[in-house]
Structure formats: C-alpha cells, structure tokens
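**Q** Have a look at the structure that comes next, please.
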Amino acid sequence: MNGKRRIARRQHGFTIMQMVITVAIIAIVSTVGVLGAKSAREHFKMQNSARLFATYAEKARADSVRRHAASGQEASIEMFGEGTTTYNVTMDFGSGVETRTFQLDSGITFGTAAAKVTFNWRGRLLGEAVVFQVKSTYLDDEIPVDVSGSGDVTIWSQYYPDRLIPDVTVSSAGDDVNHSTPTPTPTSTPSATATPSPQSSASPSPTATATPTATPNGNGNGNGNGNGGNGNGNGNGNASPTPTATPTPTPSASPSATPIPQCVATMSPSSISLSQSVDAQKTGTSTFTMSNGTGVRIISAVQAGNGNSLVLGLSLARIDGSGSSVLTVTTKNGAGNRGVFVVNVTTSPACGSGAQLTVSVSN
C-alpha cells in the first residue's frame, strides 16, 4: 500500500486553473515591462531633443559673441509653432553665416507658439525672454527650454523669474548749455535815389479791319473789281443733305442681386497674459463674437497642436445667428505649462476662418 501511494503522488501534475493563472501573471508582468521600457525610451527621446535644442541655442549665442556680429548678421534659432518638428539655426558653421534646419526625434514636437531668438554681439537677446516647450506626444509631457533676456539658456526650470524683473527706466539728463542760435543785429544802410528815365514815345499801330465771311449758297453769281484787274465768276453748287444717324437704344441694366454678408468671427481681446503664481492672474477671459451668422452653430475651443497646458471653458457652446460667447482660460502649474500658446476657436458649420487667442503664461 505504501508503494502504491508513492506512485500515485508522483503522477500528480498542474491543473488547468493553475496554468491559466500562471500564464496571466506572466502576461501582466511582460506588459508592464514593455510599457515601462517604451515610456523610458520616449522620455529619453524628449530629454535628448530638448538638450540638443538648448545646445544649438548656446552655440548660436557663442557664435554672435565670437564674431562680434554686426547688425543683420546676428546668430539666431527659430521654431515654427505648436505641433511642428523642425527648427532653423542661423550661425557660422565654418563657411560663413548660413541657416540649417534640424529635426526633432520621432514623436517629439514643439508645444508653444512660433518664436525666434536672435543674439547680439554681447550675447543678449534682441527682444524679450522666450520659453520653448519640447513635448512628447506619447507621454503627454513637456520640457521647457528658457532663454532669458540676457541670453542664458536653461532646461527644465520650474521657476524662471526673468519676466518678473521690471524694465529699467533710464532717466534723461539735462545740461545748462544755451543751444539757441544767436541772431545778428541788422545795420542800417543809406537808400539810393532813383533817377527818372525818359519815356519813349511809341507810334500808334494801325487797327486791323475785320472782313465779313461770305456764307455759301446752293446757287450764286459773283462779280469782282480790283485795282489790279477785273474778274467775273458764276458758280452753281448743289449741297447734298447730311444723313441723320439712327439712335441706338441702350439696354437698361438689370437690377443686381443683393450680396449675402459673410459670417465673421472675432476675439476681443486677441491676446492675454496670465501667471501661475499670482492668484489674480491665473484666469483670464476673452469674448468670441460671431457677426452676420445664420442658423445654429456649435462652438469649440482647443489649444493648437493638441496641447493641454491650459484649462479652457466657454460660456455658450451653441449660438443661433449672431452672438457672443465668453472664453475662460486658466493656467496649470508646472514648468511644462509656461510659454506662449495659441487657442483656436472654431464653429460648426464654419464661420469664416474662426478666431485665435494668444495666451502668454509666466511664473
């Protein structure tokens, strides 16, 4: 009996339920591993693109300083708006100043409005500070690349106070020098005495006598006597009547149809500035107005380039005919939500080409 029991125990195996559970666990672990590896790879691509973009910005700045760039020959770097994947770098690459185009890694785009920074020979910007956002479509995350007014380039900065520094007001200094032009004093001079000149006598000129002009007739006889000779002349003439032109009737213009006014969409104001830290400036509004509209239209507001750095809300989602809807924009915290963004407001059916709102978000 003991031998039979030992043989029966050796023949025991895994049940179907155990196999299903084991396979399910292996599948879950594999999926998590694959997704983690893909996320890590996409994060690395986003970081690499942001660092490469910042490196070219630093190179452009150093090139302007090295060449002591004159006006019109400054180095610059430019991107072309939300959802784009290329940027241009203008600098001396070794054979003179030229522009080259560079591509971001696959799946990586820019997340802010089109911007260009130009460095003068001191390495400073010809303009205000700019924030570039390098975005990963897969991760739905962004890395900011800040370029300050002094030309400093920073990656992944959470708080960048460059826009909070007030502009320096240079006071004008006066002087005590009299810059007026002196006026010379006029000196009186004796006046000359005019000598009368004799008047010349002009002989009167003969007056011409007008000769009457004869009117021709159909029949006529004429005799003429003159100091130099005599002459007789007879003449008959028949004048043919001039034909009268037949008037051509002018066709009367048919009344033109009244043109139908086109639907026009506008935003007022067209740009707003918000802040992530100042409570009174975290939210802003703009009014979307539709003129000459007919029928019912559905209104939608989205951030350009499929971005999500802003919270958008409309007071009215439907307008019948002409009307207005208030667009409310609220900022989000985080370094990836700073910069200049474009909000597209459209209708269905379309009202013209829609309207755009530019939103500038700082710390």
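**Q** Name every residue in the range 57-85 that is open to solvent by 40 Å² or more (accessible area, probe 1.4 Å), out of contact with any Asp or Glu (no Cβ under 7 Å at 6 or more places or on another chain) and at negative phi, in order of residue number.
**A** Scanning the range 57-85 gives Glu58, Lys59, Arg61, Ala62, Val65, Arg66, Ala70, Ser71, Gln73, Glu78, Phe80, Thr85.
**Q** Would you point out which residue out of Ala115, Ala129 is buried (at least 16 other Cβ atoms within 10 Å of the Cβ), among the aliphatic types (A, V, I, L, M) and in contact with a Lys or Arg (Cβ under 7 Å, 6 or more places away or on another chain)? Show your work before the answer.
**A** Working: Ala115 fails: in contact with a Lys or Arg (Cβ under 7 Å, 6 or more places away or on another chain).
Result: Ala129 is the single residue among Ala115, Ala129 that is buried (at least 16 other Cβ atoms within 10 Å of the Cβ), among the aliphatic types (A, V, I, L, M) and in contact with a Lys or Arg (Cβ under 7 Å, 6 or more places away or on another chain).
**Q** Take Ser106 and tell me if it is part of a loop (DSSP other than H, G, I, E, B), open to solvent by 30 Å² or more (accessible area, probe 1.4 Å), within 27 Å of Gly36 (Cβ to Cβ) and out of contact with any Lys or Arg (no Cβ under 6 Å at 6 or more places or on another chain).
**A** Yes, satisfied.
**Q** Consider Gly111 against the criteria (1) at pLDDT 95 or above; (2) within 22 Å of Gln303 (Cβ to Cβ): it satisfies all of them except one. Which criterion is unmet?
**A** (1)
**Q** Then there is this: Can you confirm whether the range 310-324 contains a residue that is under 18 Å from the mean Cα position of the chain (by Cα) and modelled with pLDDT under 90?
**A** No, every residue in the range 310-324 fails to be under 18 Å from the mean Cα position of the chain (by Cα) and modelled with pLDDT under 90.
**Q** If you don't mind, there's one more thing I want to ask. For the structure I just gave you, tell me whether Ala265 is at pLDDT 85 or above and more than 23 Å from Pro144 (Cβ to Cβ).
**A** So Ala265 passes the test.
**Q** Let me ask something else. Checking Ile272 against (1) within 30 Å of Ile155 (Cβ to Cβ); (2) out of contact with any helix residue (DSSP H, G or I) (no Cβ under 9 Å at 6 or more places or on another chain); (3) open to solvent by less than 50 Å² (accessible area, probe 1.4 Å); (4) modelled with pLDDT under 90, which test does it fail?
**A** (4) is the only condition that Ile272 fails.
**Q** Another question about this same structure. Among all residue pairs at least 6 apart or on different chains, which show Cβ distances below 9 Å where the first residue, located in the range 94-106, is in contact (Cβ under 8 Å) with a residue 24 or more places away in the chain and the second is of a type in the set (Phe, Trp, Tyr) and surrounded by 14 or more Cβ atoms within 10 Å (Cβ to Cβ)?
**A** Sorted first by the residue in the range 94-106, then by its partner, the pairs are Phe102/Phe53; Phe102/Tyr56; Phe102/Tyr87; Leu104/Phe53; Leu104/Tyr87; Leu104/Phe110.
**Q** For the range 343-363, how many residues are open to solvent by less than 20 Å² (accessible area, probe 1.4 Å) and either touching a helix residue (DSSP H, G or I) at 6+ places or on another chain (Cβ under 8 Å) or among the acidic types (Asp, Glu) (or both)?
**A** Residues flagged as open to solvent by less than 20 Å² (accessible area, probe 1.4 Å) and either touching a helix residue (DSSP H, G or I) at 6+ places or on another chain (Cβ under 8 Å) or among the acidic types (Asp, Glu) (or both) within the range 343-363 amount to 3.
**Q** In addition: Which one of Ser277, Ser309, Ser300 is closer than 28 Å to Ser136 by Cα and in contact with a helix residue (DSSP H, G or I) (Cβ under 7 Å, 6 or more places away or on another chain)?
**A** Numbers: Ser277 fails: in contact with a helix residue (DSSP H, G or I) (Cβ under 7 Å, 6 or more places away or on another chain); Ser300 fails: in contact with a helix residue (DSSP H, G or I) (Cβ under 7 Å, 6 or more places away or on another chain).
Of Ser277, Ser309, Ser300, the one residue that is closer than 28 Å to Ser136 by Cα and in contact with a helix residue (DSSP H, G or I) (Cβ under 7 Å, 6 or more places away or on another chain) is Ser309.
The values are calculated or read from the model by the stated rules, or taken from the named source; none is laboratory data. Here the structure is a predicted model, which is why all the values come from computation and not from measurement. Glycine gets a Cβ as well: all are built from the backbone with ideal geometry, and neighbour counts include every protein chain shown. Just the protein is used for accessible areas: all its heavy atoms, side chains included, with ligands, DNA and RNA removed. Shrake-Rupley method; radii C 1.70, N 1.55, O 1.52, S 1.80 Å.
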